[in-house]
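To keep things clear, I will list the structure first and then write my remarks on it.
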Amino acid sequence: MKNRIEEIRNEKGIRQEELAKLMGVSRQTISSLENGRYNPSILLAYKIAKFFGMTIEEVFIFEEE
Amino acid sequence: MYNNRRLALSIFWVVIGLVLVGLSIAEKLDSSMYAGMGGALAAVGALQVIRNLQYRRNEEYREKVDTEVSDERNRFLRMKSWSWTGYIVVLVEAIGVVVAMILGKETVQLVLAYSVCLLVGVYWLSYVVLSRKY
């Protein structure tokens with residue numbers, strides 16, 4: 001699943017470490033999410049979207065495989 | 001993550017380890033294996049005690065450990081690793097059964113075959129239990 005985390009994070013001027021700390025995950029998790037190597041749980045997706053003040057659909061792009 | 005029970009257990013391993021080493025030095029125990037085992041137990045226990053104390057005293061370390069333990073990607077990786085381990089062990093043992101059969105090692109073949117059956121049985125049981133839970 002693609003996502004816009006890196007783009008939105010850069011727009012808001014937040015570092016990976018900061019976002020990771022705020023979400024209660026490791027920096028590697030944020031990095032893996034941004035690279036599309038790891039898909040988050042619905043809970044983490046919700047937390048990230050809520051933090052950015054957006055809906056899950058605005059942050060995560062669902063694509064039929 | 002760390003609590004008093006864990007600290008007590010770590011100290012217990014150190015004590016047991018030191019007792020084993022002491023008994024081996026005093027030649028109360030025959031095998032040098034006990035000295036090695038005791039040394040390893042004491043070392044691991046001491047390491048755990050140090051980590052436990054650091055966790056209590058160092059807030060930054062505590063935060064780091066808590067994040068590492070609760071991080072969902074780390075949990076995913078741990079579960080995935082166990083899953084791969086299971087698959088690889090079953091595959092290697094199944095190959096081992098065939099190789100043992102070709103080499104005529106009946107005992108090895110039997111042990112490996114039973115082991116594969118046991119693993120498949122545990123997998124099936126886990127699946128049934130988990131499917132009732134979720």
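Remarks
- Computed FRET value (nearest 0.05) for A:Thr55 with B:Glu63, which takes r as the C-beta separation and R₀ as 41 Å: 0.85
- Counting charges near A:Lys21 (Lys, Arg +1; Asp, Glu -1) among other residues having Cβ under 12 Å from its Cβ returns a value of -3.
- Shielding of B:64-74 by partner chains, average beta-carbon count, 10 Å: 5
- In the protein assembly as shown, a dipole from Cβ-located charges (positive for Lys and Arg, negative for Asp and Glu) runs towards its positive end, and of B:Asn4, B:Tyr61, B:Val44 it is B:Asn4 whose Cα lies farthest in that direction.
- For peptides B:111-122, B:10-21, sequence by mean Cβ density within 10 Å, most packed first: B:10-21, B:111-122
- Size of electric dipole in chain A: Cβ of Lys, Arg +1 and of Asp, Glu -1, about Cα centre, debye, nearest 20: 380 debye
- Its alpha carbons give the protein assembly as shown an Rg and a Dmax of 24.6, 71 Å.
- The fraction of all Cα pairs in segment A:1-47 landing in successive 10 Å bins from 0 to the largest distance is 28, 66, 6, given as whole percents.
- Take the Kirkwood radius over Cα pairs of segment B:1-119, plug it into Stokes-Einstein at 37 °C and 0.692 mPa s, and you get 180 µm²/s for translational diffusion.
Rule-based calculations on the coordinates, nothing more; no lab input. It should be emphasised that the depicted structure is a prediction, and the values quoted were computed from it without experimental measurement. We place every Cβ from the backbone using ideal geometry, glycine too, and count neighbours over all the protein chains shown.
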